[in-house]
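Encoded as structure tokens, the structure appears first; notes follow it.
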Amino acid sequence: MPKIVLITGATSGIGEACAHIFAKNNYHIIITGRRNERLIALKTFLEANYKVQVMALNFDISDNQQVNDTLLSIPPQWKKIDILINNAGLSLGLMPIQEGITQHWDTMIDTNVKGLLYVSKIVSNWMIAHKTGHIVNLGSIAGKEIYANGNVYCATKYAVEALNKAMRIDLLPYRIKVTGIHPGAVETEFSEIRFLGDKEKAKKVYTGYDALKPEDIAETIWFTCNTPVHVNINDIVIMPLAQASATYWHKIS
């Protein structure tokens with residue numbers, strides 16, 4: 001059976017772009033997400049255009065029971081996952097900590113940290129059984145630098161940064177690679193979700209410069225997954241040219 005990649009949060013943005021590039025290169029794909037119609041549409045497209053097998057799993061990674069029930073029930077041949085891309089994540093709100101909405105905090109922590117852990121625990125054990133595998137965790141520049149009003153979102157991405165290092169140590173005896181990918185501004189649904197559906201406010205985030213595209217990150221992930229067997233790329237920070245850090249930009253108004 002060809003190699004298999006599991007991609008969380010594959011219904012849009014970076015996850016969807018990863019599904020395309022891996023399918024184009026003959027990987028069988030497991031895509032996960034909460035929006036079932038999008039999952040089915042992506043599955044149909046990938047199978048028709050790339051002639052690969054695609055399994056679409058509709059569940060919420062922040063719910064440990066759903067993660068266990070869904071992943072543990074897939075057929076045995078699909079459990080030999082070569083690459084896990086922990087892409088699912090989100091930011092809700094942009095406000096000082098004293099004004100934060102605790103429901104938003106819970107959602108970010110449950111998705112960005114606990115969801116990544118739930119999926120990784122199951123898949124890493126499958127990889128351990130075969131003594132091979134590669135886990136790619138999507139972090140953020142927010143996991144390298146704190147910025148005003150980013151508080152809890154930044155904390156979740158700092159947690160991903162810590163988990164990258166912890167996984168690399170814990171999985172070292174089993175020849176499992178772990179890579180952290182930390183993008184700056186990527187033009188996806190990210191800002192629209194952060195601003196709770198305010199499309200105009202979200203649009204301004206990407207105005208006045210060329211933001212990264214999801215395909216830029218997917219191509220970077222593809223590169224990290226195709227190094228020689230003895231090479232592991234630990235960490236990549238990738239930014240648009242107009243962005244020097246989490247807070248320094250060159251925008252043309």
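The values are calculated or read from the model by the stated rules, or taken from the named source; none is laboratory data. These numbers were taken from a predicted model, which means no experiment stands behind them. All Cβ positions, even for glycine, are placed from backbone atoms using ideal geometry, and neighbour counts span all protein chains on display.
Summary of values
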read-out: Condition broken by G180, with the remaining ones in (1) free of Cβ contacts under 8 Å to residues at least 12 places away in the same chain; (2) small (G, A, S); (3) in contact with a strand residue (DSSP E or B) (Cβ under 7 Å, 6 or more places away or on another chain) satisfied; value: (1)
read-out: Failed criterion for D235 (all others in (1) without any contact (Cβ under 8 Å) to a residue 60 or more places away in the chain; (2) over 22 Å from T11 (Cα atoms); (3) among the acidic types (D, E) hold); value: (1)
read-out: Those residues of region 64-81 which are touching a helix residue (DSSP H, G or I) at 6+ places or on another chain (Cβ under 8 Å) and closer than 30 Å to A142 by Cβ, in sequence order; value: N64, V67, N68, L71, I81
read-out: Enumeration of residues in region 95-108 that are surrounded by fewer than 20 Cβ atoms within 10 Å (Cβ to Cβ) and in contact with a helix residue (DSSP H, G or I) (Cβ under 6 Å, 6 or more places away or on another chain); value: I97, W105
read-out: Pairs, first more than 19 Å from W78 (Cβ to Cβ) in region 6-19, second among the basic types (K, R) and in a helix (DSSP H, G or I), C-beta under 6 Å, six or more apart; value: T11/R38
read-out: Condition check for N149: polar (S, T, N, Q) and in a helix (DSSP H, G or I); value: no
read-out: Boolean, A56 is over 16 Å from I135 (Cα atoms) and hydrophobic (A, V, I, L, M, F, W, C); value: yes
read-out: Meets criteria (of a type outside the set (D, E), within 23 Å of I7 (Cβ to Cβ) and either out of contact with any Asp or Glu (no Cβ under 7 Å at 6 or more places or on another chain) or surrounded by 13 or more Cβ atoms within 10 Å (Cβ to Cβ) (or both)) for Y209; value: no
read-out: Leading residue by the ranking (nearest to K131 (Cα to Cα)) among those in region 160-185 that are hydrophobic (A, V, I, L, M, F, W, C) and outside any helix (DSSP H, G or I); value: I176
read-out: Of all residues in region 186-232 being among the aliphatic types (A, V, I, L, M) and part of a helix (DSSP H, G or I), the one that is modelled with the lowest pLDDT; value: A202
read-out: Region 20-42: number of residues that are touching a strand residue (DSSP E or B) at 6+ places or on another chain (Cβ under 9 Å) and without any contact (Cβ under 8 Å) to a residue 24 or more places away in the chain; value: 2
read-out: Positions within region 79-94 being surrounded by fewer than 22 Cβ atoms within 10 Å (Cβ to Cβ) and within 14 Å of the chain's Cα centre (by Cα), in sequence order; value: L90
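Condition check ((1) closer than 22 Å to I217 by Cα; (2) hydrophobic (A, V, I, L, M, F, W, C); (3) part of a loop (DSSP other than H, G, I, E, B)) across all residues:
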{"site": "G93", "(1), (2), (3)": "no, no, yes"}
{"site": "D106", "(1), (2), (3)": "no, no, no"}
{"site": "N125", "(1), (2), (3)": "no, no, no"}
{"site": "Y153", "(1), (2), (3)": "yes, no, no"}
